[in-house]
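The values are calculated or read from the model by the stated rules, or taken from the named source; none is laboratory data. These numbers were taken from a predicted model, which means no experiment stands behind them. Heads up, the Cβs are rebuilt from the backbone with ideal geometry, glycines too, and the neighbour counts pull from every protein chain shown. Quick note on the areas: whole protein, heavy atoms, side chains included, nothing else; ligands and nucleic acids left out. Shrake-Rupley method; radii C 1.70, N 1.55, O 1.52, S 1.80 Å.
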Amino acid sequence: MAKKIQAVRGMHDILPDETPRWQFLEDTVRRVFQSYAYRELRTPVLEMTELFKRSIGEVTDIVEKEMYSFEDRNGDSLTLRPEGTAGCVRACMENGLLHNQLQRLWYQGPMFRHERPQKGRYRQFQQIGLEAYGMSGPDIDLEVILISARLWRELGISGLELQINTLGTPDERKAYRARLVGYFQERRDQLDEDSRRRLNSNPLRILDSKNPDMAELIAAAPSLMDDLGEESRAHFSAITEGLDAAGIAYVLNPRLVRGLDYYSRTVFEWVTDLLGAQGTVCAGGRYDGLVEQLGGKATPAIGFAMGVERLVAVLEALDQACPDTALHAYLVVAGSAGQAGLILAESLRNALPGLRMQVNCGGGSFKSQFKRADRSGAQVALILGDDELENHCVGVKWLRQNREQIRVNHDALTGFLTEMIGEESRE
């Protein structure tokens, strides 16, 4: 017997019993984003490797350790996208979407990182992101955060904590970087191996270390706030004042730096304690220098990305209900009624677009079909046999209620199902 082939480690299936919650999340995201006039952009899964090296930064875990990169038959180095922002910027530049224009965009799809698989972290994971281009003021920063807050309300997710910080301008960060390197250099013997490696290449990433042995050292490190100029302080204050006015609670986290090199000024994360170590469910910030870094004209930009698997896990942890997808009816067919059953079902779907109905296919006795009807979760079994065909009616057997079986004429069937669906929605 041939050996069974299994899914690649860290890449998992989303089974039919799980997808209703995913669909609820995706439908809600689409509705909320569209209500703010954000339009969907779809980019390729494969990009040139250089795109991510130049955008994310070569001295990052993603580029150094986690990217799925390979040479194609032409010798080009290609990479399965590890995140969505770089591809979004590339698409906007290539298609002329940033020239004298303001853009509000969003995307969704699979991302790939070769990490150690664990709950909430997979090698193929789904991400939804939102990006805004061409606006430099704090108003768009505030809008982006307000959108995320509205999304949690629409999804029924409570208990998330908003953490926010500012990284200042590149010049301010340069001055801070020098002070930070000096501080850590004097305490080099207390740094772990990763932090020593980053000390001269990307010292701000040390602040993002999850090593508990370094927590006290990092807590005592210099603060970037001391190097901020008046304009950066005013920009950040406008955001926090706006959050206060909107009633959005937040925590100032001076150690929040984000893991990608392209961020500047505003950065934020929404975190939860429901998922253990993988507590960040949404993260983002401003990246005004990225478009220029990739060869375009300097363009202000801000965005965020959400891990879909983690948000679904939060919905499950909160036991948040999703829209009912159970069948309304299961059509049992017997005798010569097979084709007639399919035609009847089509006419009912035409009349009732919201009707969820399954027609028995593959034959089977009445007994076996009723077992299938019961397992389907349908409210009623509609019965169509030779006798019903002759009398232009269907039998109705209630599967979830103790009610007497009845017959309904074809011309009254649409009204009967409409009433039944209405009763279900009122319950």
*asked:* Running a GNM on the chain with Cα contacts under 10 Å, which residue among Ile218, Ile56, Ile239 ends up with the highest mean-square fluctuation?
replied: Ile218
*Size of charge dipole - the chain - debye, nearest 20, with Cβ of Lys, Arg +1 and Asp, Glu -1, no other charges*: 860
*Give, to the nearest whole percent, the P(r) tail of the stretch 233-331 beyond 21 angstrom, counting all Cα pairs.*
53
*Between Gly247, Gly354, Gly159, find the one with the highest GNM mean-square fluctuation for the chain; connect C-alpha pairs within less than 10 Å.*
Gly354
_Rg/Rg_globular for the stretch 301-407, with Rg_globular taken as 2.2 N^0.38 Å and Rg from C-alpha atoms_ = 1.46
_Longest to shortest principal axis, alpha-carbon extents of the stretch 162-309, angstrom_ = 45, 40, 29
*Name the residues whose placed amide hydrogens come within less than 5 Å of the amide hydrogen of Leu167, ignoring near sequence neighbours (fewer than 5 apart) on the same chain.*
Arg265, Thr266, Val267
*asked:* Just to confirm the number: angle between the C-alpha axis of helix 308-317 and the first principal axis of the chain, 0 to 90 degrees, nearest 10?
replied: 70
*Restricting things to alpha carbons, tell me how big the stretch 87-219 is in terms of Rg and Dmax, in Å.*
19.1, 51
_Net lengthening on full extension, Gln405/Ala321 (0.36 nm per residue, minus Cα-Cα)_ = 27.1 nm
*Go through Arg39, Arg375, Arg233, Arg73 and list them by solvent-accessible area, largest first, probe radius 1.4 Å.*
Arg73, Arg375, Arg39, Arg233
*Inter-label distance, nm, simple model (7 Å from Cα along the C-beta direction), Ile218/Asn350*: 6.4
_Square roots of 5 times each gyration tensor eigenvalue, C-alpha, the stretch 170-247, largest first, Å_ = 28, 15, 10
*Label point distance in nm, Asn74-Leu294, each placed 7 Å from Cα along Cα→Cβ*: 1.9
*Which order, highest average first, do 125-134, 387-396, 280-289 follow once you tally other Cβ atoms within 10 Å for each residue and take the mean per peptide?*
280-289, 125-134, 387-396
_Pick from Pro110, Pro16, Pro170 the residue whose mean-square fluctuation is largest in a GNM of the chain, springs joining Cα atoms under 10 Å._
Pro16
*Can you list the lysines whose alpha carbon sits under 27 Å from that of Lys4, skipping same-chain ones fewer than 8 residues off?*
Lys119
*CD proxy at 222 nm, helix term only [per DSSP H run n ≥ 4: -39500 (n - 2.57); per residue of the chain; nearest 500]*: -11500 deg cm²/dmol
*Taking the Cβ of Ser376 as the center, what net charge do the other residues with Cβ under 12 Å away carry, scoring Lys and Arg +1 and Asp and Glu -1?*
+4
*Once the principal axes of the Cα atoms of the stretch 214-270 are found, what is the range along each, listed largest first in whole angstroms?*
36, 25, 23
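Provide the per residue accessible area, probe 1.4 Å, for the chain, rounded to a whole number of square angstrom. Each step should come with its number before you reach the end.
Values: 21600 Å² over 427 residues.
Averaged over the residues of the chain, the accessible area is 51 Å².
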*Under a point spin-label approximation (7 Å from Cα along Cα-to-Cβ), what is the Glu66-Ile343 distance to one decimal in nm?*
5.8
*Hey, what D do you get for the stretch 384-426 in µm²/s if you plug the Kirkwood alpha-carbon radius into Stokes-Einstein at 4 °C and 1.567 mPa s?*
115
*At a Förster radius of 35 Å, what calculated FRET efficiency corresponds to the Cβ-Cβ distance of Arg9 and Asn253, to the nearest 0.05?*
0.55
*For Lys65, what accessible area in Å² do you get when you roll a 1.4 Å probe over the heavy atoms of the protein chains, rounding to the nearest 10?*
110
*Starting from the Cα coordinates of the stretch 103-163, work out the convex hull volume and express it per residue in Å³.*
137
*When the gyration tensor of the stretch 126-195 is built from Cα positions, what are the square roots of 5 times its three eigenvalues, in whole Å, from largest to smallest?*
34, 19, 11
